[in-house]
Amino acid sequence: MMDLFDYDDGREGYYGQYGGTFLPEILHTTIEDLKREFGSAKQDPAFWQEYVELLHSYSGRPTPVTSLDNLSRHLGGARIYAKREDLNQTGAHKINNVLGQGLLVKRMGKSRVIAETGAGQHGYATATMAARFGLKCKIYMGAVDVARQRPNVFWMEKLGAEVIAVEDGQQTLKDAINECLRDWVTNMDDTHYVLGTACGPHPFPEMVSWFQSIIGTEAREQFRVLNGSLPNRVYACVGGGSNAIGIFQGFFNDIEVELVGCEAGGFGPGAGNHAARLAYKDASVGVAQGYKTYFLQNEDGNMMHTHSVAAGLDYIGVNPILVDQWEKGRIRFEAVTDQEVTEALKLTMETEGLIPALESCHGFAQAIKEAAQMSPNESVLINMSGRGDKDIFTIADALDDQKWREFIRQKAVEYGI
Ligand SMILES: *Cc1c(COP(=O)(O)O)cnc(C)c1O
């Protein structure tokens, strides 16, 4: 596999002009320790072996590649396949990264983990890992998000984590990140910050990408066995970018395979309507949250409000490696609207009996659109990053189902969503 991270220009943690480490002085020692430990783990085949075995025994890996014959026949174009990250423990690819960082925490001899979470899925995965590894765990969440995501908060607490509702600012993800960094500064000696996606200061983009590369490594081999060739196109939804770079890495050196990142188009173009950093033209290059990338920000560098029907894609920044590969033409970015997501979900449920997470439906929607125009001799692979059970209320609302509407509304009130 090409070493995606070896840019060889002497600037550690930069991918073209993106990435870097922009942190307060006080965190430099901790980041240096983490870099050193990650560097040595990466050179140690026994570490990767332990990681793979843990995922096999605990999370059901390797997750299969499923041929979606009914959907393919219905569209009459390219053959469609899905990589089934939805079958992981906690229902999505997030557990890969979290278990990997858990093993690193053990290696560093630390005893406590902290994390920030918006929709709650990363907090849920981190609390799961902490329970399994016997680590103390504190999850920071904006107070508004705590109110919106009651079921995830419930599970985090039952798994033994302490959930802190952050009352500062807009009481959402950005405020939770600030509070989490404050905790880290105070407790560096025994605490590791489990970042949830392939963003933030070096080494996080590289480290999270490395753990998630297990998706692409498996998928490439499985696809070849199933289909006798490689897919013409690979689709993945892009929030921070971890599941996308995870599957894309398996096909990076296969230049005939087109890589398509699918962002949240929300209500469509226009500031505040979406979370498409690259496919729409509302974002610009800046430095925030410890790294340099494209951010949805205004001229003064203040972050914009973002919108997506999929909470996991609703993020202002994006993985710097993906941005650089987009500029170099290796990855194409497209935006998918909430409306297109809902239609793709309906079709996938009805033809295949699969319920992809709303995030994953962005990949499905773009693939469905394009596969119909392709030939039956061609094939496409979608990364099904997670399952849709968590989205029941949002989906019932989006499908505008009159019969279920009232019941769902009552439940939403009960849950405070
Ligand atoms: C969190 C999440 C995402 C978005 O995160 P990435 O880092 O971009 O992968 C996508 N799909 C699901 C199911 C998620 O839970």
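By its C-alpha gyration tensor, with a ≥ b ≥ c as the square roots of the eigenvalues, how is the stretch 118-222 shaped: rounded for a/c under 1.5, else prolate for a/b larger than b/c, else oblate? Prolate.
Pairwise Cα distances in the stretch 221-309 exceed 17 Å for 57 percent of all pairs. Between Lys281 and Val185, the modelled labels are 3.9 nm apart [label points 7 Å from Cα along Cα→Cβ]. Normalised Debye scattering of the stretch 317-360 at q = 0.25, 0.26 Å⁻¹ gives log10 I(q)/I(0) of -0.83, -0.85, counting only Cα atoms as equal scatterers and leaving out solvent. When the alpha-carbon atoms of the stretch 97-171 are used, the pair Rg, Dmax equals 12.1, 36 angstrom. Dividing the mean sequence gap of close Cα pairs (under 8 Å, 6+ apart) by how many residues the chain holds gives a relative contact order of 20 percent.
Could you tell me whether the stretch 169-215 comes out rounded, prolate or oblate from its Cα gyration tensor? Rule is a ≥ b ≥ c as square roots of the eigenvalues, rounded for a/c under 1.5, then prolate if a/b exceeds b/c, otherwise oblate. Judged from the Cα gyration tensor, the stretch 169-215 comes out oblate (a/c at least 1.5, b/c at or above a/b).
For the chain, the percent of C-alpha pairs falling in each 20 Å distance bin, counted from 0 to the bin holding the largest distance, reads 28, 62, 10, 0.
Would you mind estimating how fast the stretch 1-136 diffuses translationally, via Stokes-Einstein at 20 °C and 1.002 mPa s with the Kirkwood radius over Cα pairs, in µm²/s?
120 µm²/s
Per-residue ellipticity at 222 nm, computed for the chain from helices alone with -39500 (n - 2.57) per DSSP H run of at least four residues, works out to -13500 deg cm²/dmol. Ile316 exposes around 20 Å² of accessible area when a 1.4 Å probe is run over every protein chain in place. Per-residue surface analysis assigns Asp300 an accessible area of about 130 Å², computed on protein heavy atoms at 1.4 Å probe radius. Spacing of the modelled spin labels on Val225 and Phe407, each 7 Å from Cα toward Cβ, amounts to 4.0 nm. Among 88-97, 119-128, the peptide with the highest mean count of other Cβ atoms within 10 Å heads the list, and the full ranking is 119-128, 88-97. The label-point distance for Met349 and Gln17, in a model that sets each label 7 Å from Cα toward Cβ, rounds to 4.5 nm.
Between the stretch 42-66 and the stretch 212-274, the C-alpha centres lie 20 angstrom from each other.
Using only the Cα atoms of the stretch 174-288, build the gyration tensor, take square roots of its eigenvalues as a ≥ b ≥ c, and label the shape rounded, prolate or oblate: rounded if a/c is under 1.5, else prolate if a/b is larger than b/c, else oblate. Since a/c reaches 1.5 but b/c is at least a/b, the shape of the stretch 174-288 is classed as oblate. Distance from the Cα centroid of the stretch 355-404 to that of the stretch 86-154 is 25 Å (rounded to whole angstrom).
Solvent-accessible surface of the chain, averaged per residue with a 1.4 angstrom probe and all protein chains in place: 40 square angstrom.
Length available on full extension from His28 to Gln339: 0.36 nm per residue minus the Cα-Cα distance, which gives 107.5 nm.
The values are calculated or read from the model by the stated rules, or taken from the named source; none is laboratory data. None of the values given here were measured: they were computed from a predicted structure. Here Cβ is always computed from backbone atoms with ideal geometry, including for glycine, and neighbour counts include all displayed protein chains. All accessible areas refer to the heavy atoms of the entire protein, side chains included, with ligands and DNA or RNA removed. Shrake-Rupley method; radii C 1.70, N 1.55, O 1.52, S 1.80 Å.
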